[in-house]
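Colleague: To start, I am sharing the structure in question, which I have written as structure tokens.
Please treat every number below as a calculation from the coordinates, not as lab data. All values derive from a computational prediction rather than experimental measurement. Quick reminder, even Gly has a Cβ in these numbers, built from the backbone with ideal geometry, and neighbours come from all protein chains shown.
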Amino acid sequence: MGPDPDSMFVSRARDGDVGAFAVLVERHRDVVYRVAARVIGEDEAEDATQDALLRAFHRLDDFRGEGSFRAWLLQIAHNSALTHASRRTGDDVPLSEVADAPVGGARTPADEIEAGERRRRLGVKVRGLSPQHRTVLVLRDIEGFTYEEIATVTQAPIGSVKARLHRARGELVDTLRRNTYDWNLPGG
């Protein structure tokens with residue numbers, strides 16, 4: 001793995017260059033928001049994102065450079081999202097964006113409506129997972145993070161990350177199989 005592409009901007013930001021930190025925000029804001037939205041929902045994701053970025057700015061001197069800045073920032077974002085989730089009274093976390101690959105060409109309006117309904121239902125199923133399982137599932141299967149990055153973000157050993165991901169996938173598949181009407185999955 002090569003040098004962290006953010007290291008120069010981190011160094012300049014530590015020296016008081018607010019513009020350098022703005023570059024870091026520009027580079028990583030979208031992924032911070034997506035992680036927060038998938039952990040706590042879109043309604044609170046913007047607040048959690050702002051909170052994470054502000055915390056990162058104030059804690060920049062704590063970044064030791066042992067891993068990537070991105071992983072360090074997402075660890076802060078994950079913790080911020082969990083903090084916001086713990087303040088919430090209800091459990092209304094939607095999984096807002098799950099890729100629906102078109103099957104066999106262009107989609108009709110009816111296909112789009114059905115895909116939207118499936119995304120909504122999948123969000124309900126994912127919401128049923130524990131926060132730990134939901135987090136690793138989102139980071140690996142939706143965001144495409146490596147196991148090492150997920151371990152850094154969640155502050156868990158890689159073995160625990162792999163075990164949580166395995167259990168999360170198994171729980172999700174079992175949940176979906178119990179409702180084959182929606183998903184057309186073979187029984188297990």
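Colleague: If each residue's Cβ is checked for other Cβ atoms within 10 Å, how do 138, 31 rank with the fewest at the top?
Modeller: 31, 138
Colleague: For residue 4, what residues show an amide H to amide H distance below 5 Å, using hydrogens built from the backbone and excluding near sequence neighbours?
Modeller: Correct list: empty.
Colleague: Can I ask one more? Give the peptides 65-76, 3-14 in descending order of average Cβ contacts within 10 Å, highest first.
Modeller: 65-76, 3-14
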